[in-house]
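Undergrad: My questions will all concern the structure given below.
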Amino acid sequence: MGLLEILMLGVALATDAFSVIISNTFAFDDHRFSRLMRMPLFFGLFQFGMPLAGYFVGGIAAELIEKYAGIVSLVILGFIGSNMLYSGYKALKEDASEEDEEETQQDATTLSYGKLVFQAVATAIDAFAVGVSFRAHNVDILFASALFGIITAIFCTIALFIGKKLGSLLGDRAEMVGGVVLILIGLKAFFG
């Protein structure tokens, strides 16, 4: 497998993370940019680590993970997306009490490490499968994984800027749009 093929595979693997980052910027628009920069770091690290894990642990759990990767992605992204939809809907309702809004806002619009890990795993499961397949080819797994991580981090940084622009255009509905995007990505992983 040549460099061009590895680069193209890295771009393909980064697309789900790119979409999730755009959705996240809708939901977490009140966070400082430095806090949002955690996302490219997390997603890049997981896109780096999952192929390595697939390469070295692949023989043991590869079949199981490949079999259930779509379901896991759908559950994780569907849950987070549904929460974003609900939170956005509640924020749009004018008759919601101040106390309920504060509680919902705090839960749904906090970019926690737990949310980042769940999203990073959901978008990098396919990278695990790629790592497994690299065992059959003569691929430098460390080099390929590093490229995947770098490409994903770059794409996710670009997604932050795009998401910020789109979020300001969509206004209050941005969080709901982000939730729908996450659910669609989960469905794509499940059926794709």
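The values are calculated or read from the model by the stated rules, or taken from the named source; none is laboratory data. Owing to the predicted nature of the structure, the values given are computational and were not obtained by experimental measurement. Glycine gets a Cβ as well: all are built from the backbone with ideal geometry, and neighbour counts include every protein chain shown. To get the accessible areas, we keep the full protein, side chains included, count just its heavy atoms, and leave off ligands, DNA and RNA. Shrake-Rupley method; radii C 1.70, N 1.55, O 1.52, S 1.80 Å.
Undergrad: Looking only at the stretch 21-42, decide whether some residue is of a type in the set (Gly, Ala, Ser) and touching a Phe, Trp or Tyr at 6+ places or on another chain (Cβ under 7 Å). Steps first, answer last, please.
TA: Taking the stretch 21-42 as the starting set, the residues that turn out to be of a type in the set (Gly, Ala, Ser) are 23, 27, 34.
Of the ones still in play, those that are also touching a Phe, Trp or Tyr at 6+ places or on another chain (Cβ under 7 Å) are none.
Checked against the condition, which is being of a type in the set (Gly, Ala, Ser) and touching a Phe, Trp or Tyr at 6+ places or on another chain (Cβ under 7 Å), the stretch 21-42 yields no hits at all.
Undergrad: Being at pLDDT 75 or above and within 25 Å of PHE134 (Cβ to Cβ), is that true of even one residue in the stretch 32-39?
TA: Checked against the condition, which is being at pLDDT 75 or above and within 25 Å of PHE134 (Cβ to Cβ), the stretch 32-39 yields no hits at all.
Undergrad: Anything in the stretch 115-140 that is closer than 12 Å to LEU52 by Cβ and within 22 Å of the chain's Cα centre (by Cα)? List them, or say none.
TA: Scanning the stretch 115-140 gives ALA124, ALA127, PHE128, VAL130, GLY131, VAL132.
Undergrad: Considering only the stretch 122-178, state which residues are exposed (fewer than 15 other Cβ atoms within 10 Å of the Cβ), acidic (Asp, Glu) and modelled with pLDDT under 85.
TA: Residue satisfying the conditions is ASP172 alone.
Yes or no, residue by residue, for (1) at negative phi; (2) at pLDDT 85 or above; (3) not small (Gly, Ala, Ser):
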| position | (1), (2), (3) |
| --- | --- |
| ALA14 | yes, yes, no |
| PHE56 | yes, yes, yes |
| SER73 | yes, no, no |
| GLU98 | yes, no, yes |
| ALA108 | yes, no, no |
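Undergrad: Turning to a different aspect of this structure: Which residues, taken from the stretch 3-48, are outside any helix (DSSP H, G or I) and either free of Cβ contacts under 8 Å to residues at least 12 places away in the same chain or open to solvent by 50 Å² or more (accessible area, probe 1.4 Å) (or both)?
TA: Selection gives ASP29, ASP30, ARG32, MET37.
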